[in-house]
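One structure is given below, encoded as structure tokens.
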């Protein structure tokens, strides 16, 4: 194999990795959000949550579809979603955190949405046209997700003493899972060098600003950046992912070769 | 049908001659096919019956999210997952239109929830059955939504304006739901033998409860006669059930399935199927709260409501704070 070809193979692997991360974040968060269906605290919230989950599953189809194409081994979005085990999943740990109460679900959504929004905005200028096109479509949906989660975090933070307490507890619990969003590694450096995606660290400052401004309005205290949990991006997950996958993949595993 | 055995309070249907002039004018408008709108005069029995019927329909949509929501996280492909999410979201939307329609009759959504949670208000018996396999999601769309459509299509012409208009939107979405259910099953019967067995098993379990959705024969029911006179019910339960069977049996044959009724037979003379009698003791047991999932369904709804109290209170408190801040800044500016 020549030097040029080796470079392109490595670049391709990095792009595949990046696309899996995008798709898996959307898939696992969409899965978590969909667990609320029929159980939300108000009918309007049931509708909004199904809508959010639906957007995220739609984005999963696009990201994982492109990942399969880039990989070039004939795997479809469904093959990637349903037939990989946990060690091959590349989502950040934040999105696999259990739903908890509705406040925790909203806080997780807000912390993720703020990052997702900034990333997609940057991806609209990706050097890879296919990535830019998906980002453009997803950004429209995610702008709405952010509007909604930000608004609810503010209203509940600055609501009753009880709603304030719950939102602060959710924030404190989830904060150590936000660091991973901004940690870069070799595949990140590779896609950044190619102009496909920004360096993760470059999103930290605008994210801090957006989050700080929201939390201030919500009368919530931003936790200090202490120890940050990590591992999801390289396939080392929490114990929760295995249970998510046993639900998600049950039918494909129990009825191999079925038509659905 | 999502509203079953709705009571009307009356002992018998009165003739026009027996009515006072106001009520007579009301009934004549209905007879002439005119719509009744929220602010207009209506007999108390009409109002109460509609509240029962619409709220029962709304509760059915809301409780109906649960058996289908049960399979969202386990849907077999990303596309099926997206379709099911969209469908369950539609059901919540139907609940919303219907609660709004009922609110025009002077009852609040919170009051209707209270009636559901206390067991005073009912929802369709069908949602007290479990969804045990993915084929059940297909069967629910095909049979349950199919039965609901039978009843709801004629109700688009019902006499109460807000309900009729809500049903126009609902029916459009329900026919899509039914097709997606049939499509799930069509794919599965073309799959492996194990998949086809799941589909037959789902039909075996959902067939009779679907026929029970129309309620027992009501040809002699004074409630049904009154509802028909008010045009908030258009067909008898037996008529709708017959229509449903006639439509559904050929579809089952197309799927290569056996309908679990030994008495099912084409009757050339009547141009429809003869079929067996559902087990009405099971129906009444389910209505009385003894179905396989009654307790779980109601507990899930109560839990959602109770666990969400702090959330709703928080939003109200914030709205009040925002209002008083606006007032304070207005005063300061003056």
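Computed from the coordinates by the stated procedures, all read-outs in this text should not be read as laboratory data. In this text, all values refer to a predicted model and were calculated from it rather than measured experimentally. Positions of Cβ are backbone-derived with ideal geometry, glycine not excepted, and every protein chain shown enters the neighbour counts.
Quick one: divide the alpha-carbon radius of gyration of the protein assembly as shown by 2.2 N^0.38 Å and tell me what you get. Please report the intermediate quantities before stating the final value.
Values: Rg = 27.3 Å, N = 594, 2.2 N^0.38 = 24.9 Å.
Dividing the Cα Rg of the protein assembly as shown by 2.2 N^0.38 Å gives 1.10.
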Legend entry - FRET efficiency, 1/(1 + (r/R0)^6) with R0 30 Å, evaluated for residue B:312 and residue B:285 via beta carbons: 0.30
Inset, instruction - Compute the whole-percent fraction of alpha carbon pairs in segment B:112-240 spaced more than 19 Å apart. - result: 59
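Run lengths n ≥ 4 of DSSP H only: what is the helix-derived mean residue ellipticity at 222 nm for chain A, with -39500 (n - 2.57) per run over all residues, to the nearest 500?
Details: 10 runs with 168 residues, N = 260.
That calculation yields -21500 deg cm²/dmol at 222 nm.
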Inset, instruction - Give the dimensionless ratio obtained when the Cα radius of gyration of segment B:224-302 is divided by 2.2 N^0.38 Å. - result: 1.45
Inset, instruction - Would you mind checking the tilt of helix A:129-157 against the longest principal axis of the Cα atoms of chain A, expressed as 0 to 90 degrees and rounded to 10? - result: 20
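Calculate the translational D of segment A:69-190 in whole µm² s⁻¹ from Stokes-Einstein, where the hydrodynamic radius comes from the Kirkwood formula applied to all Cα pairs, the temperature is 37 °C and the viscosity 0.692 mPa s.
Details: Rh = 16.5 Å.
Value of D from the Cα-based Kirkwood radius: 199 µm²/s.
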Legend entry - segment A:121-260: relative contact order as a whole-number percent, Cα under 8 Å and 6+ apart: 27
Inset, instruction - Kindly give the semi-axes, whole Å and largest first, of the ellipsoid equivalent to segment A:151-197, taking each as the square root of 5 times a Cα gyration tensor eigenvalue. - result: 36, 12, 4
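Rg/Rh for chain B to two decimals, with Rh computed the Kirkwood way over all alpha-carbon pairs.
Result: Rg/Rh = 1.03.
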Legend entry - Choice from B:318, B:223, B:117 showing the highest fluctuation, given a GNM over chain B with Cα pairs closer than 10 Å: B:318
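Quick check on segment A:1-86: what are the equivalent-ellipsoid semi-axes from the Cα gyration tensor, as sqrt(5λ), descending, whole Å? Please list the in-between numbers first.
On the way: eigenvalues 238, 22, 16 Å².
Listed largest to smallest, the semi-axes of segment A:1-86 are 34, 11, 9 Å.
Report the calculated FRET efficiency for residue A:221 and residue B:44 (r = Cβ-Cβ distance, R0 = 56 Å), to the nearest 0.05. List each step's numbers first, then the result.
Details: r = 55 Å, r/R0 = 0.99.
Efficiency at R0 = 56 Å is approximately 0.50.
Quote the relative contact order of segment A:9-254 in percent (integer), defining contacts as alpha-carbon pairs under 8 Å separated by 6+ residues.
Details: 351 pairs, mean separation 63.8, N = 246.
It rounds to 26 percent for segment A:9-254.
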Inset, instruction - Calculate how steeply helix A:3-34 sits against the longest principal axis of the alpha-carbon atoms of chain A, using the helix alpha-carbon long axis, and give the answer as 0 to 90 degrees to the nearest 10. - result: 30
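Please give the average number of partner chain Cβ atoms lying within 10 Å of the Cβ of each residue in A:45-55, rounded to a whole number. Could you put the intermediate results ahead of the total?
Working: counts 5, 11, 8, 2, 3, 13, 4, 1, 8, 8, 2.
For this peptide, the per-residue mean of nearby foreign Cβ atoms is 6.
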Inset, instruction - Largest first and to the nearest Å, give the Cα extent of segment A:9-254 along each principal axis. - result: 55, 42, 32
Inset, instruction - Mind putting together the pair-distance distribution for segment A:82-149? All Cα pairs, 5 Å bins, whole percent per bin, short to long. - result: 3, 16, 19, 18, 19, 17, 6, 1, 0
Legend entry - Relative contact order %, chain B, counting alpha carbon pairs below 8 Å whose residues are six or more apart: 21
Legend entry - segment A:13-53 residues near the modelled residue A:147 label - backbone nitrogen below 17 Å, point 7 Å along Cα→Cβ: A:45, A:47-53
Inset, instruction - Run a plain Debye calculation on segment A:149-230 (Cα atoms as equal point scatterers, no solvent) and give log10 I(q)/I(0) at q = 0.24 Å⁻¹, rounded to two decimals, same order as the q list. - result: -1.10
Inset, instruction - Take each of the peptides A:108-118, A:131-141, B:36-46, average the number of other beta-carbon atoms within 10 Å over its residues, and list them starting from the highest. - result: A:108-118, A:131-141, B:36-46
Inset, instruction - For segment B:31-127, take the alpha-carbon Rg, divide it by the Kirkwood Rh, and send me Rg/Rh. - result: 1.09
Legend entry - Estimated 222 nm signal from helices in chain B, with DSSP H stretches of n ≥ 4 weighted -39500 (n - 2.57), rounded to 500: -21000 deg cm²/dmol
Inset, instruction - Mind giving me the nanometre distance, one decimal, between the label points for residue A:254 and residue A:202, set 7 Å out from Cα along Cα→Cβ? - result: 4.6
Legend entry - Helix A:102-123 vs. chain A, principal-axis angle (Cα, 0 to 90°, nearest 10): 40
Inset, instruction - With 5 Å bins from zero, work out the P(r) of segment B:166-278 over every alpha carbon pair and list the percent per bin. - result: 2, 10, 16, 19, 18, 16, 11, 5, 2, 1, 0
